[in-house]
Amino acid sequence: QVQLVESGGGLVQAGGSLRLSCAASGRTFRKYIGWFRQAPGKERLFVAAIAWSGDNIDYADSVKGRFTISRDSAKSTVYLQMNSLKAEDTAVYYCAAGSGSVRPYDYDFWGQGTQVTVSS
């Protein structure tokens, strides 16, 4: 069975930084790991995605220049380094394995999520 586990969330002041980790167990047979986020009452939105090969990386415009996605394939772990955090970044962050699209429906393995709260 495939399992994804997020960690690294917490409370941080605006302008601060956090690094999220997504540890994968089992064989996913999926090319990409994506990060999504969901604030209360809002839709789940694409944040970033990376191919396990590292060949392809994509970011949402809202985080471009502030967030960096990376992977360690030997550890089966994907990271999301979040800098210059804003209050609007507050959400539950999920990692998922799938096609690399911006649509949550195209990802079929999901972690439980980790809360990121940015105080203003």
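The values are calculated or read from the model by the stated rules, or taken from the named source; none is laboratory data. These numbers come from a predicted model, not from an experiment. Cβ atoms come from the backbone with ideal geometry, glycine included; neighbour counts cover every protein chain shown. The area values use the complete protein model at the heavy-atom level, side chains included, leaving out ligands, DNA and RNA. Shrake-Rupley method; radii C 1.70, N 1.55, O 1.52, S 1.80 Å.
Within the range 4-24, restricting attention to residues that are open to solvent by 40 Å² or more (accessible area, probe 1.4 Å) and more than 15 Å from the chain's Cα centre (by Cα), the residue that is nearest to CYS95 (Cα to Cα) is LEU11. Candidates in the range 25-39 are the residues that are aromatic (Phe, Trp, Tyr) and under 26 Å from VAL116 (Cα atoms); of these, the one that is most open to solvent (accessible area, probe 1.4 Å) is TYR32.
Looking at ILE57, is it at negative phi and surrounded by fewer than 17 Cβ atoms within 10 Å (Cβ to Cβ)? The answer is yes for ILE57.
Per-residue answers, yes or no, for (1) in contact with a helix residue (DSSP H, G or I) (Cβ under 6 Å, 6 or more places away or on another chain); (2) open to solvent by 20 Å² or more (accessible area, probe 1.4 Å); (3) not aromatic (Phe, Trp, Tyr):
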site	(1), (2), (3)
ASN83	no, yes, yes
THR90	no, yes, yes
ALA96	no, no, yes
SER101	no, yes, yes
PHE109	no, yes, no
GLY113	no, yes, yes
VAL116	no, no, yes
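Among the residues of the range 63-83, the ones that are polar (S, T, N, Q) and on the phi > 0 side of the Ramachandran plot come to 1 in all. When SER76 is tested against (1) under 18 Å from SER7 (Cα atoms); (2) modelled with pLDDT under 95; (3) of a type in the set (S, T, N, Q); (4) exposed (fewer than 15 other Cβ atoms within 10 Å of the Cβ), exactly one condition is not met: (4). Can you say whether PHE29 is without any contact (Cβ under 8 Å) to a residue 60 or more places away in the chain and assigned to a loop (DSSP other than H, G, I, E, B), as far as the supplied structure shows? Against the criterion (without any contact (Cβ under 8 Å) to a residue 60 or more places away in the chain and assigned to a loop (DSSP other than H, G, I, E, B)), PHE29 qualifies.
Checked against (1) surrounded by fewer than 12 Cβ atoms within 10 Å (Cβ to Cβ); (2) at pLDDT 95 or above, THR68 meets all criteria but (1).
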